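Following: one structure in structure tokens, then a few remarks.
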Amino acid sequence: MPLVTLANALAIAKEKNIAIGAFNIGNYESLKAVIDCASEEKLPVIVQIFNRLFNDDKARDMAALVKVMAENVNIPVVLHLDHGKTIAQVERAVQYGFTSVMIDASDLPMEENIQMTKAVVAIAHSHHISVEAELGRLLPKGAIDCENFLTVPEEALEFVKQTGIDALAVAIGTSHGFYKETPFIDLERLKKINAMVGIPIVLHGGSGTPDDIIQKSVLCGIRKINLATELHQAYIDGIAIQAEIHKEKFSPIDVYNVPVYEKMKKLVRQKMRLFALMSPE
């Protein structure tokens, strides 16, 4: 089916009281693992392309591949710019046929974040494209004074009112990458934000977050969960295994990558079921 917007997909998540997996892909195998698994599980999925891939033609080429794959499955698929940093990246995403963009100006003062986000909303909504933005910042490694990074509920309400965004990424204690110790996720803060803002809430830093915390966060209002590091690590680990197996013999690239694809697909299935409040494999 044709690509859908993030707003369309998150409306389904709200109705079913689940979160939709948003997976950062970087090549054919990772994309195929995500699309095939979502199709088999009959769940909506968000395919994310990180802003770095906009530095050359990768985002354009991957977008074309996503669109072809989406047309050949009967599930809602969103094509989303992840952590867009500039207006130029947003404009390129529009040009490439993305149905959703994230503008991440969370490192700026709130007023500047609002102004930049409003500009992106004006561009995206004129093309019927959804917008995600971020308020607060994910914890940097080794952060001690966590309070200065977390989203303030009252500020979140003001931010949503002024910008007109479709989804809000919040900082409640998660971080990008793998954790060195079990994180404290502020679910009470999440509940307050969710009760106040009235739009879908996004959890970044899904990799390595304990399963029980993930499912509790969904019950507290999270409707989109980002996952990148674990998927990329599954690819790297899979390639390392195949490199060892085939180091003394030739293997065509497509054959070589089949076990790598299967490894990623297994992870995606576990995460999709987890986010949908089902028991993982």
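Below are the figures for this structure:
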read-out	value
Rounded tilt (10° steps) of 229-245 against the dominant C-alpha axis of the chain	10 degrees
Separation in nanometres of the label points that stand 7 Å from Cα toward Cβ, at residue 87 and residue 110	2.4 nm
log10 of Debye I(q)/I(0), alpha-carbon scatterers only, for the range 6-275 at 0.11, 0.14, 0.16 Å⁻¹	-0.59, -0.96, -1.25
Choice from 242, 89, 48 with maximal GNM fluctuation in the chain (Cα, 10 Å cutoff)	242
Degrees separating the helix 58-71 axis from the principal Cα axis of the chain, which is the longest one	80 degrees
Packing-based exposure ordering (other Cβ within 10 Å, fewest first) of 125, 80	125, 80
Residue 12 versus residue 64: modelled label distance in nm, points set 7 Å from Cα along the beta carbon direction	2.6 nm
Likely footprinting exposure, 77, 94, 260, 68, fewest C-beta neighbours within 10 Å first	68, 94, 260, 77
Among 54, 250, 23, residue whose mean-square fluctuation peaks in a GNM of the chain (springs only between Cα atoms under 10 Å)	250
Most mobile of 39, 217, 100 in a GNM of the chain (Cα contacts under 10 Å)	39
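Throughout, read-outs are computed from the coordinates displayed, never taken from laboratory work. The shown structure was predicted, so the numbers you read here are calculated from the model rather than taken from an experiment. Using ideal geometry, Cβ is built from the backbone for each residue, glycine included, and neighbour counts are taken over all protein chains shown.
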